[in-house]
1. Looking at the range 55-77 only, could you name the residues that are surrounded by fewer than 16 Cβ atoms within 10 Å (Cβ to Cβ) and under 16 Å from Thr349 (Cα atoms)?
2. Restricting the search to the range 35-78, which residues are of a type in the set (Phe, Trp, Tyr), in a helix (DSSP H, G or I) and either on the phi > 0 side of the Ramachandran plot or in contact with a helix residue (DSSP H, G or I) (Cβ under 6 Å, 6 or more places away or on another chain) (or both)?
3. Name the pairs: first residue in the range 51-74 and farther than 19 Å from Leu90 by Cα, second residue part of a loop (DSSP other than H, G, I, E, B) and open to solvent by 30 Å² or more (accessible area, probe 1.4 Å), Cβ to Cβ under 7 Å, at least 6 apart or on different chains?
4. Taking the range 411-429, which residues are without any contact (Cβ under 8 Å) to a residue 60 or more places away in the chain and out of contact with any helix residue (DSSP H, G or I) (no Cβ under 7 Å at 6 or more places or on another chain)?
5. If Leu356 satisfies every condition in (1) open to solvent by 40 Å² or more (accessible area, probe 1.4 Å); (2) part of a strand (DSSP E or B); (3) more than 28 Å from Ala385 (Cα to Cα); (4) touching a helix residue (DSSP H, G or I) at 6+ places or on another chain (Cβ under 6 Å) but one, which is the exception?
6. Write out, first by first residue and then by second, each pair whose Cβ atoms fall under 6 Å of each other, whose residues are 6+ apart or on separate chains, and whose first residue, in the range 84-112, is more than 21 Å from Gln130 (Cβ to Cβ) while the second is open to solvent by less than 50 Å² (accessible area, probe 1.4 Å) and outside any helix (DSSP H, G or I).
7. Any chance you could count how many residues in the range 192-217 are of a type in the set (Gly, Ala, Ser), modelled with pLDDT under 95 and surrounded by 13 or more Cβ atoms within 10 Å (Cβ to Cβ)?
8. For Ala271, all conditions in the list (1) at pLDDT 95 or above; (2) open to solvent by 30 Å² or more (accessible area, probe 1.4 Å) hold save one; what is the number of the exception?
Amino acid sequence: MAEIFDLAIIGGGINGCGIARDAAGRGLKVALIEQQDLAGATSSWSSKLIHGGLRYLEQYEFRLVREALQEREVLLRNAPHLIAPLEFVLPHDRGMRPAWMVRIGLWMYDSLGGRTTLPKSRGLRFPHPQYSVALKPDYSRGFVYSDAQVDDSRLTILNALGAQINGAKVFTRSQCVAASRVSKGLDQGDEKVWQLKLQSNGFDGANTTIHARGIVNAAGPWVAQWLKESLGEADQKTIARAAVKLVKGSHIIVPRVHTQPHAYILQNDDARVVFIIPYRNEFSLIGTTDLAIKTVADGKEITEAETQYLLTAVNRYLAKPVTTHDILSSYAGVRPLFDDGSDNPSEITRDYVLKLDAHNNALPLLSIYGGKITTYRRLAEHALADLAPFFPNMKPAWTHNAALPGGDIASLSAHVKAMQARYLGLPGDFVAMLCTRHGSRVSLLLDGVNSFNDIGTKFGHGHNLLCEREIDFLIRQEWARTPEDILWRRTKCGLHMDTATRDQAAAFIEQRVATIMPTLISA
């Protein structure tokens with residue numbers, strides 16, 4: 001008799017991977033299905049922040065902000081290698097919201113989440129030797145508060161890895177093209193189950209059909225499209241769809257604006273805020289825009305108008321203007337927000353909404369709308385609470401105090417020192433960078449390495465070096481299948497390479513995939 005999964009989860013973004021990890025750890029048989037690469041869309045297009053969302057206070061999103069601030073603490077504890085505290089400086093002048101209003105907002109921000117390990121907000125006087133660096137001399141005061149920074153795509157992939165460790169089966173490059181309720185023959189008789197047809201792109205095998213007792217539709221920007229295109233006619237009639245509003249957010253990457261470790265949060269003249277965030281030591285990440293779009297295809301690339309919007313917003317504040325010639329890279333992505341009726345893309349709720357459909361109180365289909373990366377873990381808990389009546393043997397929630405893979409370390413700094421002492425044959429800054437990507441799993445990656453030659457072919461230089469040992473590890477352990485998977489999502493090393501080196505690395509990665517994949521498929 002073929003295996004029947006308890007849950008089939010459509011979508012390998014942060015929400016789908018988070019639900020898969022939680023469900024698998026509760027004893028459910030889970031299939032996680034992603035049509036391309038894990039974190040290949042919205043979950044790698046964010047501003048790379050774990051934050052409560054200071055600006056959401058003006059929209060009275062108190063529940064969302066409170067939950068996000070609480071989750072910030074959970075994630076700082078459970079993934080200390082991926083998530084780090086970050087200070088944000090808010091310059092202020094008389095043309096902005098009144099200072100008293102900002103102070104009240106920051107006091108609420110400090111208080112809503114309860115106890116915190118991060119410093120409280122405080123006022124600043126400019127010029128300041130640290131906090132007003134790179135700003136025009138026009139500003140005499142400001143504020144500083146704390147949030148955190150994250151490698152968003154790695155956070156997503158580690159949740160998928162956590163799901164697999166707990167027994168989930170992960171299908172990448174597999175699109176669920178059809179789902180229907182069928183009778184599945186069992187030893188004791190027939191059972192109604194979902195039948196899902198998966199269409200593979202050939203990397204990990206042939207097309208297949210699986211069965212599950214429930215479906216979670218966490219397809220992100222494609223959540224409504226999947227319901228429309230994949231369900232049979234009978235199921236179409238029973239689904240209570242929610243509306244999705246697609247909002248495009250774009251970012252640009254420029255050389256580091258200043259050498260200090262803090263970020264800037266800058267109020268634009270349209271009342272929106274734009275961030276300047278230290279990024280990968282050498283760069284500044286500037287974003288984001290909010291632009292309502294009709295299709296996912298409309299959000300693939302940043303437009304000239306968006307670029308100018310971001311440059312204009314930051315140049316109101318910077319002593320040395322940033323120009324289009326400074327832009328080293330850019331990315332654009334689509335946020336699948338729940339349509340709450342707002343006409344202003346910036347005011348659409350970032351909260352999540354869960355819609356459960358069940359046929360005669362059986363065979364649940366749960367669709368996920370909206371959400372933000374910071375609250376993905378709580379979203380997963382709420383999703384499984386909705387599904388609990390259908391799985392009475394499901395174990396209790398468990399992820400609150402459970403480290404993500406690689407996160408079982410006391411602190412990143414202590415772990416880095418220990419690994420540098422252990423691998424004396426490798427450059428210390430290179431070992432440190434590996435620790436930020438892999439945490440305690442760096443020992444698995446470097447098992448048997450005694451010298452610099454043992455890590456194989458190398459691309460790039462310094463702490464941003466990409467080596468054969470890590471490439472093979474990412475293919476075998478983290479579902480990497482293309483150069484983009486490795487250069488831009490799992491390591492970001494492509495950002496530090498010139499065109500020739502990137503091309504060489506890409507060709508080498510393709511060669512390693514072709515060599516390794518047959519052994520993985522046969523296993």
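1. Of the residues in the range 55-77, the ones surrounded by fewer than 16 Cβ atoms within 10 Å (Cβ to Cβ) are 58, 60, 62-63, 77.
If the condition is that a residue be surrounded by fewer than 16 Cβ atoms within 10 Å (Cβ to Cβ) and under 16 Å from Thr349 (Cα atoms), then Glu58, Tyr60, Phe62, Arg63 are the ones that fit.
2. Of everything in the range 35-78, just one residue is of a type in the set (Phe, Trp, Tyr), in a helix (DSSP H, G or I) and either on the phi > 0 side of the Ramachandran plot or in contact with a helix residue (DSSP H, G or I) (Cβ under 6 Å, 6 or more places away or on another chain) (or both), namely Tyr56.
3. Ala68/His51; Gln70/Gly114; Arg72/His51; Glu73/Thr116; Glu73/Thr117
4. Ser413, Ala414, Lys417, Ala418, Ala421, Arg422, Leu424, Pro427 - these are the residues of the range 411-429 that are without any contact (Cβ under 8 Å) to a residue 60 or more places away in the chain and out of contact with any helix residue (DSSP H, G or I) (no Cβ under 7 Å at 6 or more places or on another chain).
5. Checking Leu356 against (1) open to solvent by 40 Å² or more (accessible area, probe 1.4 Å); (2) part of a strand (DSSP E or B); (3) more than 28 Å from Ala385 (Cα to Cα); (4) touching a helix residue (DSSP H, G or I) at 6+ places or on another chain (Cβ under 6 Å), the one that fails is (3).
6. From the range 84-112, the pairs are Met96/Gln267.
7. Total meeting the criteria: 2.
8. It is condition (1) that Ala271 fails.
The values are calculated or read from the model by the stated rules, or taken from the named source; none is laboratory data. Just so you know, these numbers come straight off a predicted model, no measurement behind them. When we count neighbours, we look across all protein chains shown, and the Cβ atoms used for this are built from the backbone with ideal geometry, even at glycine. All accessible areas refer to the heavy atoms of the entire protein, side chains included, with ligands and DNA or RNA removed. Shrake-Rupley method; radii C 1.70, N 1.55, O 1.52, S 1.80 Å.
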